[in-house]
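Nothing in this text is a laboratory measurement; each read-out follows from the coordinates by a stated rule. Note that the coordinates shown come from a computational prediction; the quantities given were computed from them, not determined experimentally. Virtual Cβ from ideal backbone geometry, glycine too; neighbours counted across all protein chains shown.
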Amino acid sequence: MRTQGSAAELEVRRRIAGKLLRDGRTVAEVARLTGAGWSSVKRWKMAIERGGMDALASKPHPGKPCRLSAAQRRKLVKLLERGPLAAGYETNLWTCPRVADVIQKHLGVTYHVSHVWKVLRGLGWTPQKPERRARERDEQAIAGWRKRDWPRLKKVARRQSSVGLRR
């Protein structure tokens with residue numbers, strides 16, 4: 001499991017451990033003082049011997065950086081919060097092709113539809129699908145049925161099941 005903290009915070013911890021090792025502290029002592037495992041401290045010690053204190057520096061994260069700047073991501077969130085209807089779509093449902101289209105039109109950045117979900121996940125959005133409901137649905141009639149008829153039907157079902165077989 002990866003240790004909690006940003007890359008900069010973890011680098012500071014490694015550098016503190018490196019200074020302690022250079023001061024003559026033992027691996028076990030440095031591990032206890034920094035809260036790191038002794039195997040990590042031993043690995044850091046070998047890195048210092050090979051490359052000096054610079055060997056403890058943070059390494060850049062692999063992979064391509066996001067093509068949207070922070071300002072563009074904020075603008076995208078505002079566009080998404082307005083909804084698909086405001087963006088000119090017929091239904092009130094965001095799909096990856098629609099989001100890719102909005103990013104292209106408003107921000108000038110092209111994303112493949114299959115990768116749009118990564119952008120959305122990075123913004124804290126989760127996939128959701130609206131519940132299907134009939135257009136003719138009458139909420140008042142449903143509430144009345146639940147209040148009047150459902151309790152009566154439950155009682156009948158309970159009486160009928162008590163007459164049946166039991167384990």
Diffing region 8-15: the Karplus 3J(HN,Hα) column from phi (6.51, -1.76, 1.60, θ = phi - 60°), in whole Hz with x for Gly and Pro, holds 5, 5, 5, 5, 4, 5, 5, 5
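Could you put GLU90, GLU49 in order, starting from the residue whose Cβ has the fewest other Cβ atoms within 10 Å? Intermediate values should be presented prior to the final figure.
Working: GLU90 7, GLU49 10.
Ordered by Cβ neighbours within 10 Å, fewest first: GLU90, GLU49.
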Roughly how many debye, to the nearest 20, is the charge dipole of region 7-56 about its Cα centre, given +1 on each Lys and Arg Cβ, -1 on each Asp and Glu Cβ, and no other charges? 120 debye
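With only Lys, Arg, Asp and Glu charged, each at its Cβ (+1 for the first two, -1 for the last two), find how big the charge dipole of region 70-122 is about the Cα centre; round to the nearest 20 debye.
On the way: 9 positive and 3 negative charges, 56 e Å.
Dipole size: approximately 260 debye.
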Treat the count of other C-beta atoms within 10 Å as a stand-in for reagent exposure and order ILE48, ILE142 from fewest to most. ILE142, ILE48
Long-range lysine pairs (8 or more apart or interchain), the chain, Cα under 19 Å: 12
Positive end of the dipole of region 68-134, charges at C-beta (+1 Lys, Arg; -1 Asp, Glu), about the Cα centre: which of LEU68, THR91, LEU107 has its Cα farthest in that direction? LEU68
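Please give the charge dipole size of the chain, origin at the Cα centre, charges +1 on K and R Cβ atoms and -1 on D and E Cβ atoms. Round to the nearest 20 debye. Before the final figure, lay out the partial values.
On the way: 39 positive and 14 negative charges, 188 e Å.
My answer is approximately 900 debye.
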Between region 94-132 and region 1-51, how far is it from one alpha carbon centroid to the other, in angstrom? 41 Å
Long-range amide H partners of TYR89 with built H, under 5 Å: none
